[in-house]
Each structure stands twice: as C-alpha cells, then as structure tokens.
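Reviewing the structure listed below.
The values are calculated or read from the model by the stated rules, or taken from the named source; none is laboratory data. No experiment lies behind these values; they were computed from the predicted model shown. Positions of Cβ are generated from backbone atoms using ideal geometry, with glycine treated the same way; all protein chains shown enter the neighbour counts. With ligands, DNA and RNA removed, areas are computed over all heavy atoms of the protein, side chains included. Shrake-Rupley method; radii C 1.70, N 1.55, O 1.52, S 1.80 Å.
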Amino acid sequence: MTNLVDILRERGFIEQTTHDEELRDHFETHRVTGYIGFDPTASSLHIGSLVPIMSLAHMQRQGHRPIALVGGGTGLVGDPSGKTEMRKMLTLEEVDANAAGIKRQLSRFLDFSDGKALLLNNAEWLTRLAYIPFLRDIGRYFSVNRMIKVESYKMRLDSEEGLSFIEFNYQVLQAYDFLELMRRHDCRLQMGGRDQWGNIVAGVDLIRRLQQQSAFGITFPLITTSAGEKMGKTARGAVWLDAARTSPYDYYQYWINTDDRDVARFLALFTFLPMAEIRAVAAMRGVGLNLAKTILAFEATRLAHGHAEALQALQAAQRLFGGREVPEDILPSSTIPRGGAEPAAAGIPCSVIRLEILQAGIPAFKLFHETGLAASGAAARRLIGQGGAYVNGERIDAYDRLITAADLTPDQSLVLRSGKKAYHQVRVEK
C-alpha cells in the first residue's frame, strides 16, 4: 500500500511536515490515527474546508483512522489565526447547532461506522477543565516569549484592536486537544492549514514533554486559483457544502467554471480519480479540457451531495447550455455517464404539452403551477414577482408573460426553473 505522505504530497496537499522521515516511517509501521479540527462558527462548511476534509478521506482510504474534531469548546473562545480582529463570540447553543450541521456534512466524505472514523467534540473535555489545575499542569509548559513570535499572534499584537487574553489562550487549548486525543485514542498526527503551524507544533511539543511520545504535524498550503483568488469565493459570496445555502446545481456550476490552468490541480485535490489519469489532463486543450471540467464538476458534486444530485445538476446544465458526450478515454475511472441520457432519467421531472397549446400561448404563472413548480396560481405569481422563475435560463419578469412555441429549444422542449434548484422539463407531445 502506498504511503499516505507520498499520496498527499503527490496530490498537492502538503506544505510542511514535522519530522518528515519519522512521519513516513510511522505510516509504514502503524495504523495511524490523525485528526483535523473544524471551527463551528457557521452551520455549514464551505469549499475552503475541502482540502482538510479530503485529506481525512484519503487517510481512511489507506486504512488509517481519521478523527474529525468539531471545536465546540474552542469555538467558544475563537481562533485568532489569520484574523485581524476578534471573532464574534458565540453562545453554547449557537456552537452546538453549528456543530450538528458540520457533522452531517462530514458524513458525506467519511465512513463513521464501526469506528472506522471518529467524530468528536472538544467541548467534552474543554468545558470541564478546572482553571487552576489546568494552569499548573498544562500552562507551565508554554513560553509567552515563544507564543508571541507566532505569526498570527504578531499580526494581532500589531493591529489596532490588539489581542485579547481569551484568544491568547487558544494555542494552549488546541495543544491540549492534541494531548487529550493522544491519551484517549492514541492519536499521533494533527493536520491543518498553514496558519495552524504554530498551534500544531505546540501540541507536538506538549505530547513530547508530558507523555515522552512522538507526535507529528502536517500543514496544507493556502489553495488559490491561478487568477490569485481564494478558493470558494464568488461574487455572491462563499460556496457552501450545505445544499440549502448553495444548491447542488450552483455547486456544480462553480466547478464547471474552473480556470483552464487549475483543472488538473483541482482534480488531484478535490476528487479521488487516479493521478495517472489526471496527469493526462494537464496536456489537454480546447474541447478535451472542457470535458475534463465537466468530470471535475460532476465528481466534486457527487462527493458533496451524492450521485443523484450530481446527475441532476449535470443534466440540467446540459439542457440549459448544451454539452457533448464524454468519451471513455477521458478520466475513465469517473462515474460520469458516458452516453446522452435523457434528463428525465437523471431525476429531473418531465412532462409533455400539446403543440397547439404553445402555439396559442400559455401564461407563465399557469405553466409553473401545472408543472408543480408552484403549489397554486397565486404562489406562481409570487414566485415570478420575486424573480425566481426561469424558462431556458431566462428570468420571467411578468406573471402573465405568454410562453409560446417560439420559446422552444431546438429539440422541442422547455426547461423551467423555480429558485436555485427546482427544475422541470416540458417536452412537446409527439
């Protein structure tokens, strides 16, 4: 079996490691337990969290045991890393609600059955700590002189707002998380973003001092597009993993719009397709590269939302914008359909209409009601008035706008959309 460190390095996940050779040897000789922390400041993760999520999934696929640690305890404090001002303080109820949403999303990527992966919340031990014993037993191992040299602390100390005492404790708490996971689950590896390097090293050092055991750290690079933009940022804001915030169709569209220069790199990071196949994409241009983007969008959507939603998004995009059949020789390990499946087969509701009705014209609100995209004529009027009704990708701006045969696509159909993710195809009766 290939060493996980080699897999992560080849696919572009690794920026820094502690004790590189020892870490590789540890993976060669042990079933490794490793963890990543997820900050519960929102009820959903976004695309920026995909690198850590995918690294845990690779870990599990290689027979090791990942831990996803939801920061229910540290979330009450707030991590100053990468922030120029203090984060909003959350209540315990807000943190618990956000943690529950994150758990559901992580279950798409990791198998938590039979202890194959663990999903833990650090509130379990952090909220029970006694302050004075914690200072005596743990705090004495931390040097303030060393802590204020960490880049995230230096940036905040130089800012107008400064660094609050509660945030100054964050590194100690994160290091204690690592120690606690090592004691409870023999966890010897922590992974995280590049801004977590100081916190991870502090945990490695604490375990060495208190347990006389080796522990390891891996950090990931900050993933940006070739245009220099941060991953997951769009004109409309973040791209979320929660379907209620970013619909599977819009999620698919984010990936289909990947810059040509990023396609092979994003396939390596955000899918499980073999690297031998991905390397062939780097040499593609034109139509071939666009088909590789289609596979990237399909596979990324399938991982986040499931096969049915990915299929529906693919077929909806093909109906709206057209699309070529994906040949067998482009990324052949992908589960994307290779034939021209009908949209109805992909789960998009479909109905038929007589041509004479369209020749006479049918009011838009009536068509949306009759196809089930609105519960009533009044609901259809409201939908159109709020700008949420589309025909063939064009927004309908008047509820009584007549839909006629002139609106039919070349294959004699209409694609209706309600809001961001409800589609219905109307075909002319043959």
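With the gyration tensor restricted to C-alpha atoms of the range 141-294, the semi-axes of the equivalent ellipsoid amount to 38, 21, 15 Å, longest first.
Over all orientations, the range 151-199 has a Cα convex hull whose mean projected area works out to 3.7 square nanometres. Computed over the range 37-163, the alpha-carbon pair-distance distribution with 5 angstrom bins reads 2, 10, 15, 17, 18, 17, 13, 7, 1, 0, each value a whole percent. Along its principal axes, the range 105-163 has C-alpha extents of 45, 30, 19 angstrom, given from the largest down. First check a/c for the range 200-251, with a ≥ b ≥ c the square roots of the eigenvalues of its C-alpha gyration tensor; if it is under 1.5, answer rounded, and if not, answer prolate when a/b is larger than b/c or oblate otherwise. Since a/c reaches 1.5 and a/b is larger than b/c, the shape of the range 200-251 is classed as prolate.
Here are labelled values, (1) 83, 55, 42; (2) 56, 50, 39; (3) 84, 47, 42, and one is the computed Cα extents along the principal axes in Å for what I pasted. Which one? The value matching this structure is (3).
Rg and Dmax of the range 106-229, both derived from C-alpha coordinates alone, stand at 16.4, 50 Å. Annotation: Cα Rg of the range 363-421 relative to the compact-globule expectation 2.2 N^0.38 Å equals 1.01.
At the residue level, K116 shows approximately 80 square angstrom of accessible surface with a 1.4 angstrom probe and all protein chains present. In the assembled protein chains, E229 presents an accessible area of approximately 110 Å² (probe radius 1.4 Å). Quick one: check the C-alpha center-to-center distance for the range 178-205 versus the range 259-316, whole angstrom. Cα centroid to Cα centroid, the span is 33 Å.
Rolling a 1.4 Å probe over the protein heavy atoms gives the chain an accessible area of 46 Å² per residue.
Per-residue SASA remark: D137, around 90 Å² accessible (1.4 Å probe; ligands, DNA and RNA not included).
Considering only L358, L296, L45, the residue lying farthest towards the positive end of the dipole of the chain is L358, judged by Cα position with unit charges set on Cβ.
Expressed as a whole percent, the accessible area of the chain that falls on carbon and sulfur atoms is 50 (1.4 Å probe).
Pairs of Lys residues in the range 83-167 that lie 8 or more places apart, or on two chains, and have C-alpha atoms under 29 angstrom apart add up to 7.
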